[in-house]
Amino acid sequence: MKVCFYGNTGHSYNAILAKDKVPDLEVEFTGFCKSFPEENMGQLKFWTADAGGKYSNGSELPARGPGTGRKSISLKEYDTLESMLKTEKPDILVVDNRFAERYQAEKMAILNGANVFADKPIAMSEDELVDLYACANKAGKILWTMHTVRYDPWYYTAWKLIQKGAIGKVRMVNCRKSYRFGKRLSFYKDRKYYGGTFGWVTIHAIDMIRMATGKECLSVYALSSVADNFDYGDMEVITTSSFELEDDILATITTDYYRPENAHSHDDDRMRVVGTKGIVEVSRRDGDHEVRLINKDSDGKIPIPQEKPPFIFEDFVRTIQGKGAGLLNMEESVCNAYVAVCAQRSADEKSVIKMKNAKILFPGKKG
C-alpha cells in the first residue's frame, strides 16, 4: 500500500514507527507536503531518517535512529495536497495538519480514493463528522483517528480485564490527562487553528471511557480556562468534564498542561474504572505505567502483567486488508469526535449539552 503524509503537527510518526517494528507490513511511504507555508517538517524528516533531526516544537523525541536496521525513507515533496493525491494516488493519507483544518483534507483524500489515518480531532462540528462518515461509506474507504490509548499495553490490559468480568458491571470511570506545557507551536494560541483542548487532549480520555464501558455518552457538562496559560492566547490549559452515559454510568475527566518540566515523563495519564465487583486502575508509578486490580481475588498490591496489542497503524493497515484486530473502527473514531465536539460546546456555552445517540448518527458497517 502506498502511504503519503499531509502536515507535521502531531503524531504522524505512528505510521513510520509501525513499519519500523513490523517489517512485513505491506506499506511504502512515498510523498509528503506541508499543510501551511511556514510549517516546519523537521519531525517528519527525523522519523524518515536513520539519525539526526529534531522536533520543530522542542518536545521529546521517541526512540528512533541508529540501530533500527532500516535505511532512510525517501519521500517526494509536493506543493499541494491536491497534486500529491493526483500524482501519487496513495492508498492511505496520514493527515497531520493544524487541528481545526483536518475536515477538508480528509474529505479530499477520501474523494480521491484514499483511506485516511488522521490525528485528532478529525472534525470540529457534528455536520462535518456526519459528512465525512457518509463520504467514507459511499466511497468504501476507512477513516480512523489516532486513538493510540487503545493500543497502549496498560489500557489494553485494563480493557481485557473489564471484558473478562474482573470488576463486574462498570458503574463509573475517572480519567486524568496531565501534560508538560513544554514548547508548543504558535498556532496553539489561535482557536481558529488549534480547535480547542477537548478535541486535542481530552478526547483521549473520552476514548478511554467509551472503550472501558462500551456505552454511549448521553450528556456532558464541561468547563475550561485560559487563565495562566503562558501567554498562549485562546489555548485552554485546564478542563473538566462530567458525563452521563447509558445504563446510568457516570464518568469524569480532568485535563491540564501544568505537569512540571522536571517530571520523570511528559505525561501523567490515569484511569480508574469502578465496577460492581471490583476496581481496575491505570497510573504511572516511578515513570512506568501500571495496571492494578482490586477484586475478590486480588488486593491490588502487585501490578497485573500487561498484554501486548498490535501497533495502531499496523492494525489500520490490517483492517483495510480485512485482517484487523477489531480494537478500533471508523464508528468509534467519529463517535469519540462527536463527544469531544459536544464537550467543547458545553465549555464554551457553560451549559449542559444533551447528546444525540451516536449509534443513530453513525450507523453502519464496523471498519
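Taking K and R as +1 and D and E as -1, what net charge do the other residues with C-beta under 12 Å from the C-beta of HIS204 add up to?
Values: positive: LYS120, ARG150, ARG176, LYS177, ARG210, ARG270; negative: ASP119, ASP152, ASP207, ASP267, ASP269.
The answer is +1.
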>> For the chain, set up a GNM with springs between Cα atoms under 10 Å and report which of ALA340, ALA105, ALA118 has the largest fluctuation.
In response: ALA105
> What net charge is computed for the residues neighbouring MET1, neighbours being all others with C-beta under 10 Å from the C-beta of MET1, Lys and Arg scored +1, Asp and Glu -1?
Replying inline: -2
> How far is helix 102-111 tilted off the main Cα axis of the chain, in degrees rounded to 10, range 0 to 90?
Replying inline: 60 degrees
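Cα gyration tensor of region 195-238, axes a ≥ b ≥ c as square roots of the eigenvalues: rounded (a/c below 1.5), prolate (a/b > b/c) or oblate? Mind showing how you got there, number by number?
Numbers: a/c = 3.56, a/b = 2.47, b/c = 1.44.
Cα axes put region 195-238 in the prolate bin.
Tell me what the chain gives for mean residue ellipticity at 222 nm when only DSSP H runs of n ≥ 4 count, each as -39,500 (n - 2.57), the sum divided by the residue total, rounded to 500 deg cm²/dmol.
Details: 11 runs with 106 residues, N = 367.
It comes out at -8500 deg cm²/dmol, rounded to the nearest 500.
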> So how tilted is helix 203-213 from the main axis of the chain? Cα-based, degrees 0 to 90, rounded to 10.
Replying inline: 50 degrees
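Once you sort the root eigenvalues of the Cα gyration tensor of region 2-148 as a ≥ b ≥ c, which label holds: rounded (a/c under 1.5), prolate (a/b larger than b/c) or oblate (the other case)?
Working: a/c = 1.74, a/b = 1.53, b/c = 1.14.
Since a/c reaches 1.5 and a/b is larger than b/c, the shape of region 2-148 is classed as prolate.
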>> Which one, PRO23, LEU93, SER12, is farthest towards the positive end of the dipole of region 2-148 when Lys and Arg carry +1 and Asp and Glu -1 on their Cβ?
In response: PRO23
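So which GluC sites (Glu not before Pro) in region 259-336 are both in a DSSP loop and have at most 15 other Cβ atoms within 10 Å of their Cβ? If you can, show how the numbers build up before the last one.
Values: sites: GLU261, GLU281, GLU290, GLU307, GLU314, GLU331, GLU332; in loops: GLU261, GLU307.
Sites meeting the loop and neighbour criteria: GLU261, GLU307.
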> So what is the relative contact order for region 2-148, in percent, with contacts set as C-alpha pairs under 8 Å and at least six apart?
Replying inline: 25 percent
> Under 5 Å between amide H atoms, partner at least 5 residues away or on a different chain: which partners does GLY300 have, H built in plane at 1.01 Å?
Replying inline: LEU293, ASN295
> trypsin sites (Lys or Arg not before Pro), restricted to region 261-367: which are DSSP loop and have at most 14 other Cβ atoms within 10 Å?
Replying inline: LYS277, LYS296, LYS301, LYS323, LYS350, LYS356, LYS365, LYS366
> What number comes out for the charge environment of PRO153, summing +1 per Lys or Arg and -1 per Asp or Glu over other residues with Cβ under 9 Å away?
Replying inline: -1
>> With a cut-off of 8 Å between alpha carbons and a minimum separation of six or more residues, what is the relative contact order of region 223-367 in percent?
In response: 13 percent
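How big is the dipole moment of the chain about its Cα centre under a simple scheme where the beta carbon of each Lys and Arg is +1, that of each Asp and Glu is -1, and everything else is neutral? Debye, nearest 20, please. Intermediate values should be presented prior to the final figure.
Values: 52 positive and 51 negative charges, 154 e Å.
Its charge dipole is roughly 740 debye.
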>> Taking the 0 to 90 degree range and rounding to the nearest ten, how far is the long axis of helix 330-349 tilted relative to the main principal axis of the chain, both from C-alpha atoms?
In response: 70 degrees
>> Just to check I understand the Karplus step: with θ = phi - 60° and J = 6.51 cos²θ - 1.76 cosθ + 1.60, what whole-Hz values come out for region 170-179, glycine and proline as x?
In response: 5, 10, 7, 9, 10, 10, 9, 10, 10, 10
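Values quoted throughout were computed directly from the atomic coordinates according to the rules given, and no laboratory measurement underlies them. Computed from a predicted model, the values in this text were never measured in an experiment. Cβ sites come from the backbone with ideal geometry, for glycine too, and all protein chains shown count toward neighbours.
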